[in-house]
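What follows is a short report on a single structure.
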Amino acid sequence: MRMTIATLFLAIGSMAVAQNRDFLTAAEIDQLRLTQEPNARLTLYTKFALIRMDQIEQIAATAKTGRATFIHDLLEDYTHIVEAMDTVADDALSRKVTIDKGVAAVASAEKDFLARLTKLRDEKPKDLARYEFALRDAIDTTGDSLELSNQDLEQRTGEVTAKQKKEQEERMANMRPEEVAAEKEKKAEAQRVDVNKRKRPSLLKPGETVPEVNGGPAPAKTNTK
């Protein structure tokens, strides 16, 4: 259900005057905290982007004074959401997480978003100059993101991995010797912890447990045959 125009302006105005304005609402941030699985997270972000797009078109269809400021802020918020989607996808790919479903949802939505943003630009609203840069940025960001979403995921994973490796090498090159040594020790410690967390082999059958004797595990039975 769409907001009335008056309610929409009031809601966006409240967000604009808040200190350290976030591109997401408090309710949206709470939803993200509860949604950690990458595919679901990507789908949720597309929902947030769609809300911004609908709001932009609603306001653009009015002749209300000062609408350019609201459109500008919504375009910036939308652009940040698209960038967040790319970040989620790249992070998942770097961890070798399958995100085919989420990326497909993003690609489908962004194709629609790009067409709607381009239409807004081509209509040349009288106050376009007030938010032209934000609109152009939104169009460019959406186009770049759509290109990534349509890319072969195996190829994209390779590019993400290579980029992270390059950034790591550049960071290490700018570190002092003692910082490099500390970084290597930190990585080695993380590997040791990972090894210790791995499941130890067990001779027990699935579902079988070791009974306790006098508060401790029973001694293992030996086969005397």
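Within the range 78-91, residues that are under 18 Å from Asp22 (Cα atoms) have Cβ atoms under 6 Å from residues that are assigned to a helix (DSSP H, G or I) and acidic (Asp, Glu) in these pairs: Thr79/Asp137, counting only partners at least 6 apart in sequence or on another chain. If you go through the range 151-182 and keep only what is surrounded by 12 or more Cβ atoms within 10 Å (Cβ to Cβ) and under 20 Å from the mean Cα position of the chain (by Cα), you end up with Gln151, Leu153, Arg156, Thr157, Gly158, Glu159, Val160, Thr161, Lys163, Gln164.
Among the candidates Thr35, Thr25, which residue alone is among the polar types (S, T, N, Q) and either out of contact with any Leu (no Cβ under 6 Å at 6 or more places or on another chain) or loosely packed, with under 15 Cβ neighbours inside 10 Å (or both)? Answer to the selection: Thr25.
Among the residues making up the range 115-148, those that are touching a residue at least 60 places away in the same chain (Cβ under 8 Å) and within 18 Å of the chain's Cα centre (by Cα) are Ala138, Thr141, Thr142, Ser145, Leu148. Could you tell me whether Leu24 is modelled with pLDDT of 95 or more and in a helix (DSSP H, G or I)? When the stated conditions are applied, Leu24 does not pass them.
Looking for whichever is under 28 Å from Thr35 (Cα atoms) and surrounded by fewer than 21 Cβ atoms within 10 Å (Cβ to Cβ) here; the options are Asp100, Asp77. Which one fits?
Details: Asp77 fails: surrounded by fewer than 21 Cβ atoms within 10 Å (Cβ to Cβ).
Exactly one residue qualifies, and that residue is Asp100.
The values are calculated or read from the model by the stated rules, or taken from the named source; none is laboratory data. Not measured: the values here are computed from a predicted model. All Cβ positions, glycine included, derive from the backbone under ideal geometry; neighbour counts span all protein chains shown.
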